[in-house]
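Have a look at the structure below before the remarks.
The values are calculated or read from the model by the stated rules, or taken from the named source; none is laboratory data. A quick note: this is a predicted structure, and the numbers were derived from the prediction, not measured. Cβ placement follows ideal geometry from the backbone for every residue including glycine, while neighbour counts extend to all protein chains displayed. With ligands, DNA and RNA removed, areas are computed over all heavy atoms of the protein, side chains included. Shrake-Rupley method; radii C 1.70, N 1.55, O 1.52, S 1.80 Å.
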Amino acid sequence: MHSVTLGLLCAVVSATRIWTASSLDNVYPDSVPPPGAEPHVRLYAAQGEYESFQVCIRSARRDIDELDAAPEPLSKTIGPPDIRRVGYLAVPTPSPRAYGEQAARPDPLPAFEPFTLAKDTTAALWVTYQVPRDCPAGLYEGRLGLRLDGRAKRYVRVTLEVFDFEIPEFPGLTAAARLSPDRIRSFSGIAGDTLDEWRLFYDALAPWRIACNTALEFPAAPGGSEHYLQHLVYAARIAHMPVVFMGMGERLANVMADESSASTLQTVVEALASAGWARRACAEPMPPLPRSHWTEVRDRYSRFSALAPAVRRLFQGVPHPQTQQLAEIWVIPLRFFDPIAIQRVRTGMSLAANPPYAIESARASSTARIPTQDMPYASAAEDACDGSLYTAWTSANAPRAGAPEWFELRLQTPETTNRVRIGWRTGHEAADPAVEVSRDGIRWTAVRVTWEFHPSDRRFAPSWSEGVLDRERSFTGIRFTFSGTFDSRPVSMTEVELGRPPDPASIAYLSGGAQVWLDASSVQFPSFHADAHPAEARLGPWVCWGHDLDGLFGLPLNDWPDAWRLLDSATPDIWPAPGPGEHFLFYPGPGSLVPSVRLHRLRDGLEDFEYLRTAMETGVDDRVLGPNTMAACRWERYVENLEPGKLEGVKSELLELRTALGRGITQAAGTK
């Protein structure tokens, strides 16, 4: 009998393949070991860093009735790893950045429990080591044990190289996310507002280097601020948040219209100041508003700034010369990135210069948003003559011969010139506009113009058309008529210049400058959807580094579907979802939060950011931190229509570069 049992056990062991995979690999139930795969992994980490890999197990002949893990400490200073089972999220409809065609994607990471592995099926375990901050640099070796059917034991060899520098306690890059307290209340049955009821959830957020709002909104009256402040300060401290979000959101403007709320704001700011958190406080965000409301919003924001000058205001949208002073933090999608505009916002320079002539009015045939860029506000005719290359008038329709579009500019005093220049939004250029001029604004004269078109020759470079009039003309009105565009799109003009450009010396300094963050809620690159390429979630912080952006904003943490409350199991093997996971990075768990694969990859990217920053500060060899290597961070590498498959090569490049940075920093530390 014993020989039969032993024989079956040997059969299980011999037919079971075990190998390791990177944290940037997606492992599926039908995955097979790649050539050369072995049960051995070499990891690299800084002091204070989390480092993950995957253990893959596949049984080819029969079921494994009980698969268990036996984690061991890696050394006296590095304890046993955290082990989680890789689960799957059903993705019924692919996202715009989908990579591959699998209907279920690896994402939820519930706590590990022994399980049965069916034959011809691969399971993946997510293994994470936390390197203590006081861990000496060097090489550490150990193993991770696996039990098959409760008896047979197999081992995965682990080698970890610890670099000689520390991941800082507070992140250098802010990753700001949206917590949905009502979802936690609904799924966990929390009814009250005390800190004790919410402490476990804040503790679950602590390891992820993410800033977010708390469970309580900004109180309506000063008397309700006690619980609110307890939540605010505890969450910020336990999660090491570089920014404390005040939970005001779109209510900010309304709050400023109410005297009681204004008094509450002062009470809260004084309490934050006494705790040393005033400069980290942030009022987030008002939604983009129509231009007709801009004056009202400016007035209320000005009042907020007067009441709470230390609290930064965050605005999710693209800065405009009329709104530039609304916020100290601007959140923009990567597709709106313009290096010169971003530099101006960061240094406090105005986005507009003064036109060299006095403008009486600007009119156009129609106005609309820029359809290829989805601007958060509608354009206006004055955007083409405000001395700013970062605004544009856009027509509502594509002009054509039978239905042209037009733009008209009237001046307070006559202007004399024989040249005009039109700046274009790339992709919205018009061919040979017709021109009319007027001395009195009543009688118009057609003018013969010779146009020369200058297309954009690289990313961020503008396109423009230079026009030479048949002779020098003096006028108080000029009208451009467009009968077509090169790409059959609406026409979009950034600026019209009448012989003279705006004077750069007239560009004002408005403030001490603002931070610019990446809008991570966009469906474009970099995507945080579960079906995106696995490198994209990790690339977000790299892209921020390459574009001098100060943070990420807009990641939803837990906007879970109501249907999940009706699931038969608290941790299903495959979670159903209406989309590709765009509404959450955590899953609901018994009394806590269950992390996701995407969340791990984001944290890895945030830790990578510290490698880049430390390498720059310590003067790592230019061959490691040079322009060619840093191309991994730049937009030119990731054009808007980037095919996800092209990121496959970037995956290994990121890991190799990170290792080179860590070794370079360690070497630099050893020479000091």
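Could you tell me whether any residue of segment 539-546 is hydrophobic (A, V, I, L, M, F, W, C), over 30 Å from residue 616 (Cβ atoms) and touching a strand residue (DSSP E or B) at 6+ places or on another chain (Cβ under 7 Å)?
no
If you scan segment 564-587, which residues turn out to be buried (at least 16 other Cβ atoms within 10 Å of the Cβ), modelled with pLDDT under 95, touching a Ser or Thr at 6+ places or on another chain (Cβ under 9 Å) and not acidic (Asp, Glu)?
579, 580, 581, 583
Can you name every residue in segment 317-353 that is open to solvent by 40 Å² or more (accessible area, probe 1.4 Å) and in contact with a Gly (Cβ under 7 Å, 6 or more places away or on another chain)?
346, 347
Could you list, in sequence order, the residues of segment 436-461 that are in a strand (DSSP E or B), farther than 15 Å from residue 411 by Cβ and not small (Gly, Ala, Ser)?
The answer is 445, 447, 449, 450, 451, 452, 453, 454.
Can you pull out the residues in segment 88-110 that are charged (D, E, K, R), in contact with a Ser or Thr (Cβ under 8 Å, 6 or more places away or on another chain) and either surrounded by fewer than 17 Cβ atoms within 10 Å (Cβ to Cβ) or closer than 25 Å to residue 593 by Cα (or both)?
The answer is 107, and nothing else.
Tell me the residue from 543, 496 that is β-branched (Val, Ile, Thr), part of a strand (DSSP E or B) and either open to solvent by less than 10 Å² (accessible area, probe 1.4 Å) or at pLDDT 95 or above (or both), please.
496
What number of residues within segment 553-563 are surrounded by fewer than 18 Cβ atoms within 10 Å (Cβ to Cβ) and either outside any loop (DSSP other than H, G, I, E, B) or touching a Ser or Thr at 6+ places or on another chain (Cβ under 9 Å) (or both)?
Result for segment 553-563: 3.
From the list 461, 508, which one is exposed (fewer than 13 other Cβ atoms within 10 Å of the Cβ) and free of Cβ contacts under 8 Å to residues at least 40 places away in the same chain?
Answer to the check: 461.
Could you grab the pairs with beta carbons closer than 7 Å, sequence gap of 6+ or different chains, first residue in segment 266-282 and open to solvent by 60 Å² or more (accessible area, probe 1.4 Å), second one among the β-branched types (Val, Ile, Thr)?
These pairs meet every condition: 280/243; 280/244.
Give me a count of the residues in segment 49-64 that are over 39 Å from the mean Cα position of the chain (by Cα) and open to solvent by 10 Å² or more (accessible area, probe 1.4 Å).
The total comes to 4.
Might you check whether a residue that is in contact (Cβ under 8 Å) with a residue 40 or more places away in the chain, in contact with a Pro (Cβ under 7 Å, 6 or more places away or on another chain) and polar (S, T, N, Q) occurs anywhere in segment 523-538?
Yes: one or more hits.
Of everything in segment 648-658 that's in contact (Cβ under 8 Å) with a residue 40 or more places away in the chain and open to solvent by 20 Å² or more (accessible area, probe 1.4 Å), which residue is farthest from residue 617 (Cα to Cα)?
648
What number of residues within segment 168-214 are hydrophobic (A, V, I, L, M, F, W, C), more than 27 Å from residue 128 (Cα to Cα) and part of a loop (DSSP other than H, G, I, E, B)?
2
Among the numbered conditions (1) in contact with a helix residue (DSSP H, G or I) (Cβ under 7 Å, 6 or more places away or on another chain); (2) open to solvent by 10 Å² or more (accessible area, probe 1.4 Å), tell me where residue 393 comes up short.
Among (1) in contact with a helix residue (DSSP H, G or I) (Cβ under 7 Å, 6 or more places away or on another chain); (2) open to solvent by 10 Å² or more (accessible area, probe 1.4 Å), residue 393 violates only (2).
Would it be correct to say that residue 429 is of a type in the set (Asp, Glu), under 39 Å from the mean Cα position of the chain (by Cα) and within 24 Å of residue 360 (Cα to Cα)?
no
From 195, 200, grab the single residue that is open to solvent by 60 Å² or more (accessible area, probe 1.4 Å) and on the phi < 0 side of the Ramachandran plot.
Only one candidate passes the filter, namely 200.
I'd like the residue in segment 628-651 that is among the β-branched types (Val, Ile, Thr) and part of a helix (DSSP H, G or I) and, out of all such residues, is modelled with the lowest pLDDT.
Only one residue tops the list, namely 629.
Of the residues 74, 67, which is open to solvent by less than 50 Å² (accessible area, probe 1.4 Å), in contact (Cβ under 8 Å) with a residue 60 or more places away in the chain, in a loop (DSSP other than H, G, I, E, B) and under 28 Å from residue 159 (Cβ atoms)?
Result: 74 is the single residue among 74, 67 that is open to solvent by less than 50 Å² (accessible area, probe 1.4 Å), in contact (Cβ under 8 Å) with a residue 60 or more places away in the chain, in a loop (DSSP other than H, G, I, E, B) and under 28 Å from residue 159 (Cβ atoms).
Tell me, yes or no, whether segment 140-159 has at least one residue that is over 26 Å from residue 574 (Cα atoms) and not in a strand (DSSP E or B).
yes
Out of the residues in segment 111-157 that are over 20 Å from residue 79 (Cβ atoms) and among the β-branched types (Val, Ile, Thr), which is least open to solvent (accessible area, probe 1.4 Å)?
The qualifying residue least open to solvent (accessible area, probe 1.4 Å) is 122.
I want to confirm something. Restricting to segment 419-458 and keeping residues that are surrounded by fewer than 16 Cβ atoms within 10 Å (Cβ to Cβ) and of a type in the set (S, T, N, Q), which single residue is farthest from residue 489 (Cα to Cα)?
By that ranking, first place goes to 445.
Which residues, taken from segment 380-396, are within 16 Å of residue 361 (Cα to Cα) and assigned to a strand (DSSP E or B)?
Correct list: 393 only.
Of all the residues that make up segment 573-601, how many are closer than 12 Å to residue 556 by Cβ and in a loop (DSSP other than H, G, I, E, B)?
Within segment 573-601, residues that are closer than 12 Å to residue 556 by Cβ and in a loop (DSSP other than H, G, I, E, B) number 5.
Regarding residue 224, is this residue part of a helix (DSSP H, G or I), open to solvent by less than 50 Å² (accessible area, probe 1.4 Å) and either at pLDDT 80 or above or not basic (Lys, Arg) (or both)?
For residue 224, the condition - part of a helix (DSSP H, G or I), open to solvent by less than 50 Å² (accessible area, probe 1.4 Å) and either at pLDDT 80 or above or not basic (Lys, Arg) (or both) - is met.
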